[in-house]
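Below: the structure, in structure tokens.
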Amino acid sequence: MARFNDLPRFSLLIMSLLFLLLALWTGLVRLGWDTTWLQSRLALDHGPLMVCGFLGTLISLERAVALGRWWAYIAPFMAGIGSLVLTVGSPAGPGMLLITLGGLGLVSIFIFIIVKQPALFTVTMGLGAGSWLVGNVFWLAGKAIPQIVHWWIGFLVLTIVGERLELNRFLAPSRYTKSTFYIGLFVFLAGLIGTSAAPVQGNRISGIGMVALALWLARYDVARFTVQREGLPRFIALCLFGGYIWLGIGGLIRLFEIPLEIAGSPVYLVYDAALHSIFLGFVFSMIFAHAPIIFPAVAGRPMAFRRVFYCHVALLHVSLILRIAGDLTGFLSVYRCGGLLSVIALLMFLADSLYGMAAGRREAKALNSHGSSSL
């Protein structure tokens with residue numbers, strides 16, 4: 001079984017990382033840094049490539065590996081192939097359909113998981129998978145990305161929050177702690193549903209929910225203990241806290257979106273700030289935190305922690321501060337500079353991850369060699 005799992009694991013992981021690179025390239029096109037042929041072909045697919053091609057495939061793959069059932073790999077396979085179809089110049093419909101089927105596959109995985117282990121964290125992640133499916137269905141039905149992107153936000157926020165709940169469940173939260181979480185979750189879900197009918201009011205409600213969830217995580221996450229330790233535990237905790245700050249900022253921007261537009265910032269820049277504070281600030285802070293755990297689990301190779309990892313984390317936060325500042329003040333040069341630095345930060349993250357895995361492999365070999373010589 002291990003050999004059977006190796007091929008889909010590696011191929012899907014590599015595919016998802018290629019989609020990340022392509023999404024970064026199309027992001028540069030949208031920022032105005034690249035005016036090649038991609039500008040007319042793939043620039044509009046920047047969001048789908050990032051959310052569905054990279055994150056959808058990677059999250060589905062992570063769940064498939066954890067579940068250990070062959071049929072679970074259908075979800076990341078569909079998401080990956082569907083995103084690939086989008087990139088080759090074919091009509092968008094078949095790719096969108098395959099991605100939607102990938103969302104259905106992820107929902108099926110969580111139905112199976114929830115039946116076997118009904119818990120708050122599995123239900124929360126299941127709601128995230130359902131949000132991705134709903135967004136994909138609306139997308140397939142012809143809705144524009146700005147009309148359905150809140151469902152994709154729900155997919156990532158609920159999935160990550162659920163994962164943090166899973167890792168925090170041993171803390172045995174009190175009834176008050178659970179109640180405050182339920183309130184934040186309910187408000188966020190109400191905002192997601194309401195945004196489809198009344199975008200302004202729904203965005204404000206979901207923004208309140210994001211702020212509530214960010215405050216809850218900052219207060220009750222196990223990271224408040226692990227940040228006091230050295231090495232990898234502290235690195236993970238600091239990445240988590242950085243992500244929670246960006247989730248709160250994203251919620252505040254959605255809450256005050258209309259006043260910001262009235263104050264003089266163009267609508268598309270406020271929209272950019274609302275999206276990237278979440279998709280880059282929150283989501284990639286979580287990816288940075290969990291990569292030393294998830295990548296070895298998916299790839300089956302160890303990863304050693306190195307202090308250089310802090311470089312790509314720091315650069316991402318600096319780049320986002322510049323980007324959001326440029327968005328909210330209307331200074332396009334600052335906005336474009338921040339976007340370029342974000343791309344560099346993510347490329348640094350990939351390079352640092354490869355370096356960490358190479359170092360981990362050397363350490364594992366040295367340990368095995370030392371163990372053999374001791375015998």
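The values are calculated or read from the model by the stated rules, or taken from the named source; none is laboratory data. None of these values were measured; they are calculated from a predicted model. Please note: Cβ atoms are built from the backbone with ideal geometry, for glycine as well, and neighbour counts cover all protein chains shown.
Only one of Arg307, Arg361, Arg301 is at pLDDT below 95 and in a helix (DSSP H, G or I). Can you tell me which? Steps first, please.
On the way: Arg307 fails: in a helix (DSSP H, G or I); Arg301 fails: in a helix (DSSP H, G or I).
Exactly one of Arg307, Arg361, Arg301 is at pLDDT below 95 and in a helix (DSSP H, G or I), namely Arg361.
Could you tell me whether any residue of the stretch 330-338 is within 28 Å of Met210 (Cβ to Cβ) and among the aliphatic types (A, V, I, L, M)?
yes
Among residues belonging to the stretch 216-242 that are under 16 Å from the mean Cα position of the chain (by Cα) and without any contact (Cβ under 8 Å) to a residue 60 or more places away in the chain, point out the one that is surrounded by the fewest Cβ atoms within 10 Å (Cβ to Cβ).
Among residues in the stretch 216-242 that are under 16 Å from the mean Cα position of the chain (by Cα) and without any contact (Cβ under 8 Å) to a residue 60 or more places away in the chain, the one surrounded by the fewest Cβ atoms within 10 Å (Cβ to Cβ) is Phe241.
Out of Phe138, Phe121, Phe181, Phe170, which single residue is more than 25 Å from Ser206 (Cα to Cα) and not small (Gly, Ala, Ser)?
Exactly one of Phe138, Phe121, Phe181, Phe170 is more than 25 Å from Ser206 (Cα to Cα) and not small (Gly, Ala, Ser), namely Phe170.
With the condition kept exactly as written, say whether any residue in the stretch 103-112 is closer than 15 Å to Pro48 by Cβ, assigned to a helix (DSSP H, G or I) and without any contact (Cβ under 8 Å) to a residue 40 or more places away in the chain.
Restricting attention to the stretch 103-112, the residues satisfying the condition of being closer than 15 Å to Pro48 by Cβ are 103.
Next, from what is left, pick out any that are assigned to a helix (DSSP H, G or I): 103.
Right, trim to without any contact (Cβ under 8 Å) to a residue 40 or more places away in the chain and you get none.
The answer is no, given that none of the residues of the stretch 103-112 is closer than 15 Å to Pro48 by Cβ, assigned to a helix (DSSP H, G or I) and without any contact (Cβ under 8 Å) to a residue 40 or more places away in the chain.
Name the residue that is surrounded by the most Cβ atoms within 10 Å (Cβ to Cβ), counting only residues in the stretch 5-24 that are under 22 Å from Trp71 (Cβ atoms) and free of Cβ contacts under 8 Å to residues at least 24 places away in the same chain.
Taking the candidates together, the pick is Ser11.
Among Leu354, Leu350, which is at pLDDT 90 or above, closer than 25 Å to Val29 by Cβ and not β-branched (Val, Ile, Thr)?
Details: Leu354 fails: closer than 25 Å to Val29 by Cβ.
Just a single option satisfies the conditions, and that option is Leu350.
Which of the residues that make up the stretch 306-336 are surrounded by 17 or more Cβ atoms within 10 Å (Cβ to Cβ) and hydrophobic (A, V, I, L, M, F, W, C)?
Of everything in the stretch 306-336, those that are surrounded by 17 or more Cβ atoms within 10 Å (Cβ to Cβ) and hydrophobic (A, V, I, L, M, F, W, C) turn out to be Phe309, Val313, Leu315, Leu316, Leu320, Leu322, Ile324, Leu328, Val334.
For the stretch 252-268, state whether one or more residues are free of Cβ contacts under 8 Å to residues at least 24 places away in the same chain, of a type outside the set (Gly, Ala, Ser) and within 21 Å of Val51 (Cα to Cα).
yes
Which ones in the stretch 262-311 are hydroxyl-bearing (Ser, Thr, Tyr) and over 21 Å from the mean Cα position of the chain (by Cα)?
Ser265, Tyr268
Taking Gly194 as the residue in question, decide whether it is closer than 26 Å to Met78 by Cα and either crowded, with 17+ Cβ neighbours inside 10 Å or in contact with a helix residue (DSSP H, G or I) (Cβ under 9 Å, 6 or more places away or on another chain) (or both).
no
When the residues of the stretch 13-47 are narrowed to those that are modelled with pLDDT of 90 or more and touching a Gly at 6+ places or on another chain (Cβ under 6 Å), which ends up nearest to Gly330 (Cα to Cα)?
By that ranking, first place goes to Phe19.
Please count how many residues of the stretch 202-244 are modelled with pLDDT of 95 or more and not in a helix (DSSP H, G or I).
Qualifying residue count, the stretch 202-244: 0.
Given the structure, is Gly209 among the small types (Gly, Ala, Ser) and touching a residue at least 60 places away in the same chain (Cβ under 8 Å)?
So Gly209 does not fit the description; no.
Among the listed residues Ile249, Ile258, Ile278, Ile293, which satisfies the condition of being surrounded by fewer than 17 Cβ atoms within 10 Å (Cβ to Cβ) and either under 17 Å from Ala223 (Cα atoms) or modelled with pLDDT of 95 or more (or both)?
Values: Ile249 fails: surrounded by fewer than 17 Cβ atoms within 10 Å (Cβ to Cβ); Ile258 fails: either under 17 Å from Ala223 (Cα atoms) or modelled with pLDDT of 95 or more (or both); Ile278 fails: surrounded by fewer than 17 Cβ atoms within 10 Å (Cβ to Cβ).
Only one candidate passes the filter, namely Ile293.
Yes or no: Ile183 modelled with pLDDT of 95 or more and either more than 26 Å from Ala237 (Cα to Cα) or small (Gly, Ala, Ser) (or both)?
Judged against the criteria, Ile183 is not a match.
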